[in-house]
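What follows is a single structure, written as C-alpha cells, with notes after it.
The values are calculated or read from the model by the stated rules, or taken from the named source; none is laboratory data. Quick caveat, the model's predicted, so the values are computed rather than measured. So basically every Cβ, Gly included, is an ideal-geometry build from the backbone, and we count neighbours across all protein chains shown. Heads up: the accessible areas ignore ligands, DNA and RNA and are worked out on the full protein's heavy atoms, side chains in. Shrake-Rupley method; radii C 1.70, N 1.55, O 1.52, S 1.80 Å.
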Amino acid sequence: MDFLNFLDFKITDVIDIVLVAALLYYIYKLVKGTVAINIFIGIVIVWALWKLTELLQMEMISSMVGGFMNIGLIALIIVFQQEIRKFLLMVGSTNFASKRNFIRHFKFLRHEAMPTDTDVTAIIGACEKMGATKTGAIIVIERANSLDFVRSSGDTMNIEITQPIIESIFYKNSPLHDGAAIVQDNYITATRVILPVSNERNIPLRYGLRHRAAVGITEKTDAICLVVSEETGIISYIKNGEFVPYKNPEELINFIKKDLE
C-alpha cells in the first residue's frame, strides 16, 4: 500500500520536481568549468543517498547523513559564496524578466540555439590586430546580469561594433583607451570603465591589472571578458573567474558565440 501511495503523483509533485530540476540546472551552469563543480557533484550524491536511506527507512545512516547535511550548510555557503552571489544577481537582474533573457535562461528547453546579435568575429579580429601591435585592451561582454553598476564609472556610448571602432578605442593615443569597454548585444555601451579587481591569489604573477580586473568582473557577474596583453600580445578569454584555454581564433569565436546563446 505504501508503495502505491509513493507512485500516486499529484500535479504539485510534478511542479516540485520541475522546479528542483531547474534549480539544480542553474547551479550546475554557475559552477561548470570551475573547481566547485566537483563539490557540487559530491553534494548531489550525498543528498541523493540521504533521500534514498529515508525512503528505505534506514534510520541510523539517514540520521547520520542528515546531520552532516544540516551542519555543513554554513560551510557550503562559504565555499559557494561567489556562485551564490552570481545566482542572486541573475535572479535580481533588472533585465532578467525581459523576453529575450527569459528565453535565454530557459534555453535548455529548446532544441535550437538562439543566435547572438554580437559581431564576435569583428571583436576577435580587432583583438588579433591589437595583439600584433601589443596594444593592451579589455573588453567585457554583458550577458544576463546588468553591468550598470560598473558602466556608470565610465563614459556612456552607443556605438555599433566594427573592427576599426574597437581598434580606435584602444589605440594608445586615444583618450578612451584606459579602462574597459563594455559590449551589450552589438553595441559598445561604455568605455573607460573601472572594473573591480580580483583578490584571487592563484592568478599567475605574469598577469597584470587588466587580467585581474577581468577575473574580478567575471567572478561577480556572468559577463565574459577578453584581454589583450600589452606585454605579450596574447588574447585571454575569461569566464566565471577562470582563464578558458583555446587552440586558435576560430575556436575562441565558437566558444564566445556558444556562451552568448
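Here are some notes:
- Residue check, PHE40 modelled with pLDDT of 65 or more and open to solvent by less than 80 Å² (accessible area, probe 1.4 Å): yes
- Leading residue by the ranking (farthest from ASN254 (Cα to Cα)) among those in the stretch 191-234 that are touching an Asp or Glu at 6+ places or on another chain (Cβ under 7 Å) and not hydroxyl-bearing (Ser, Thr, Tyr): ARG192
- For beta carbons closer than 9 Å, sequence separation of 6+ or different chains, a first residue in the stretch 190-208 that is on the phi > 0 side of the Ramachandran plot and surrounded by 10 or more Cβ atoms within 10 Å (Cβ to Cβ) and a second that is assigned to a loop (DSSP other than H, G, I, E, B) and among the acidic types (Asp, Glu), the qualifying pairs are ARG192/ASP178.
- Test: LEU55 is modelled with pLDDT of 70 or more and open to solvent by 70 Å² or more (accessible area, probe 1.4 Å): yes
- Qualifying residue in the stretch 147-165 (condition: hydroxyl-bearing (Ser, Thr, Tyr), part of a strand (DSSP E or B) and in contact with a Ser or Thr (Cβ under 9 Å, 6 or more places away or on another chain)): yes
- Residues located in the stretch 123-137, provided they are under 17 Å from CYS225 (Cβ atoms) and either part of a helix (DSSP H, G or I) or touching a Leu at 6+ places or on another chain (Cβ under 7 Å) (or both): ILE123, ILE124, ALA126, CYS127, GLU128, MET130, GLY131
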